[in-house]
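The values are calculated or read from the model by the stated rules, or taken from the named source; none is laboratory data. Since the model is a prediction, treat every value here as computed from it, not as a measurement. As a convention, Cβ positions derive from the backbone with ideal geometry for all residues, glycine included, and neighbour counts pool all protein chains shown. Areas reflect the complete protein model, heavy atoms only, side chains present, ligands, DNA and RNA absent. Shrake-Rupley method; radii C 1.70, N 1.55, O 1.52, S 1.80 Å.
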Amino acid sequence: MKRAALLLLFCAACGGSTKLEGSLGSDVSLTYTTVLIQRTPSAIGIVFQTPTPGQSGEDIVLKVTATISDLDLTKPLTIDLAEALTGGAQRGSVVRVVSGDTRGTLPAIQRGTLTFDDPPVVGTHVSGNLNVLFQAGAVFGAGKTVFGNFDSTVTVPGQ
């Protein structure tokens, strides 16, 4: 029995839940269990997810996506998520998809960065951090912040 308790304590310290920080956490849970770094030829996304309670599948606690088509991804980099691209679209966006919660769309990013400590090449393990301040207003998430670290292997969605 004592051995099982020690094993459970050890396992909790090794994996378990992690939490993003920031004022958005006063409105919704920012606790997640896994991080995915997904890359396509035109975008990269950091997905913080947790199992959907009582169901199979995953809730997306937060997903940060950045357009990368004109960036050099062969070296460590910091992406300005608030940068305006040709046509007026913003380089970055943030959404959440949590079962039973209709608050999925977050405001445009006033200031924000997505930093990779190493080149985000598919198949490699990279770490980094995100830091976002949403634009002020009267909608869910307005004027709130979210920040935290990530560490995972870069994959291609659906593979």
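Numbers below:
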| item | result |
| --- | --- |
| Tally, over the stretch 110-159, of residues that are outside any strand (DSSP E or B), acidic (Asp, Glu) and within 15 Å of the chain's Cα centre (by Cα) | 0 |
| Sole exception among (1) in a strand (DSSP E or B); (2) exposed (fewer than 15 other Cβ atoms within 10 Å of the Cβ) for Gly87, by number | (1) |
| All positions within the stretch 2-51 that are of a type in the set (A, V, I, L, M, F, W, C) and at pLDDT 95 or above | Leu20, Leu24, Val28, Leu30, Val35, Leu36, Ile37, Ala43, Ile44, Ile46, Val47, Phe48 |
| Matching entry among Gly54, Gly123 (being open to solvent by 50 Å² or more (accessible area, probe 1.4 Å) and modelled with pLDDT under 95) | Gly54 |
| Meets criteria (surrounded by 19 or more Cβ atoms within 10 Å (Cβ to Cβ), farther than 19 Å from Thr155 by Cβ, touching a residue at least 12 places away in the same chain (Cβ under 8 Å) and not aliphatic (A, V, I, L, M)) for Gly112 | yes |
| In the stretch 21-38, the residues that are closer than 17 Å to Ile109 by Cα, loosely packed, with under 15 Cβ neighbours inside 10 Å and touching a Lys or Arg at 6+ places or on another chain (Cβ under 6 Å) | Ser23 |
| Hits in the stretch 77-107 (condition: touching a Phe, Trp or Tyr at 6+ places or on another chain (Cβ under 6 Å) and over 19 Å from Gly25 (Cα atoms)) | Leu77 |
